[in-house]
Amino acid sequence: MNSTRGISAKKVLVVGELLVDMISDQNIESLAVSSQFSTNQGGSSANLCANLKWLGIDAELVATVGEDNLGSFLINELKTIGLSDKYIHRSANRQTSVILVAKNEHTPDFIPYRSADLAIKRVEDAVINSSDMIHTTAFALSKEPARTNILRAFTKAHESGKFLSVDWNFAPSIWQEDDGKDVFKKLMKMDPLLKISVDDLERFTGESLTIEEAVKWLDNLNAQIICLTCGKDGVWFKTKNQAWRHKPALPVNSVIGVTGAGDAFWSGFLSAFIHEKSIDECISQALEVAKLKIEKPYPLYKK
């Protein structure tokens, strides 16, 4: 860990997507298969924030939802788990974003219907200054005006010596005509903690990569810590100027679904990191929380 940037207040500010996940009740191969769906509070950023709260971390979410009943549903869900809606904007001109998800044991099929989530407002300096870490996702950065406002917040936080966290959950269907490379370069100049999956990296590079090729590509990045998650094959990780290391995934008793496992992993990691645990302890906790999520039929923070 970087001892020159210690954390005392233990507060994480999450800036990103809060939306409705319509998830298939049963595991299905894809959305081409007929299924029944259940309504869930979703969005990688919101899920991570909720998981952090469940893990005992002081976390706040900055997001935008519509001024509609789905937006009310999401805010009620946040309040139920103890998260504040202080920084949740209600847009009168946009509908709450929805994603259809085909639950399965591999990489879930999904279709996004986006509106309000990409209209994240400018984050006030006082809110950034009151936090010790700021987190976002590739999903949240994919559209304007959210992109400009998030990058501004990251720049301000970086200049103030805050820790920065990025889940680069890149998907071409989200970014569409934009390849995301310019935004990614800007993030890497700010020495973040980076979480990226093998699937994310393949989608981002447009290439099918072996683990050796993936870590070689990631070696060129300027990041304080990099975690390359490989699903059932565990995680490869490194700190700056150190060699790559690997930890296997923990055996699971039953696979209920992998949707949200990456968010669970990273929330476990960050909750340990912000308490100044060693990289080994951070990875171990991340794997424990991911295992729990895969085995549970509901979000971690729901009993």
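A short reminder: the numbers here are calculations on the coordinates, not readings from a lab. The model shown is predicted, which means the values in this text are computed figures rather than measured ones. Positions of Cβ are backbone-derived with ideal geometry, glycine not excepted, and every protein chain shown enters the neighbour counts.
Structure values in brief
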{"read-out": "Nitroxide proxy distance, nm - points 7 Å out along Cα→Cβ at residue 129 and residue 233", "value": "4.7"}
{"read-out": "Karplus 3J(HN,Hα) series, Hz, for segment 83-88 with 6.51 cos²θ - 1.76 cosθ + 1.60 (x for Gly, Pro)", "value": "8, 7, 9, 4, 10, 9"}
{"read-out": "For residue 106, net neighbour charge (Lys/Arg +1, Asp/Glu -1) across residues whose Cβ lies under 15 Å away", "value": "-4"}
{"read-out": "Across 121/291; 86/216; 156/296; 181/238, pairs whose alpha-carbon gap is larger than 32 Å", "value": "121/291; 86/216; 156/296"}
{"read-out": "FRET efficiency, 1/(1 + (r/R0)^6) with R0 25 Å, evaluated for residue 295 and residue 72 via beta carbons", "value": "0.20"}
{"read-out": "17 Å Cα-Cα reach of residue 53 towards aspartates and glutamates, excluding residues that sit fewer than 8 places from it in its own chain", "value": "17, 77, 85, 132, 263, 288"}
{"read-out": "Least to most buried among 255, 183 (fewest other Cβ within 10 Å first)", "value": "255, 183"}
{"read-out": "Around residue 167: net Lys/Arg minus Asp/Glu count, Cβ-Cβ under 13 Å", "value": "-3"}
{"read-out": "Helix-derived mean residue ellipticity, 222 nm - over the chain, DSSP H n ≥ 4, -39500 (n - 2.57), to 500", "value": "-10000 deg cm²/dmol"}
{"read-out": "Net charge contributed by nearby residues that have their C-beta within less than 15 Å of residue 24 (K/R +1, D/E -1)", "value": "-4"}
{"read-out": "Pairwise FRET efficiency - residue 38 versus residue 159, Cβ, R0 = 51 Å, nearest 0.05", "value": "0.75"}
{"read-out": "Relative exposure of 87, 113, judged by other C-beta atoms within 10 Å (fewest first)", "value": "113, 87"}
{"read-out": "Residue 247/residue 220 FRET efficiency (R0 30 Å; Cβ-Cβ; nearest 0.05)", "value": "0.85"}
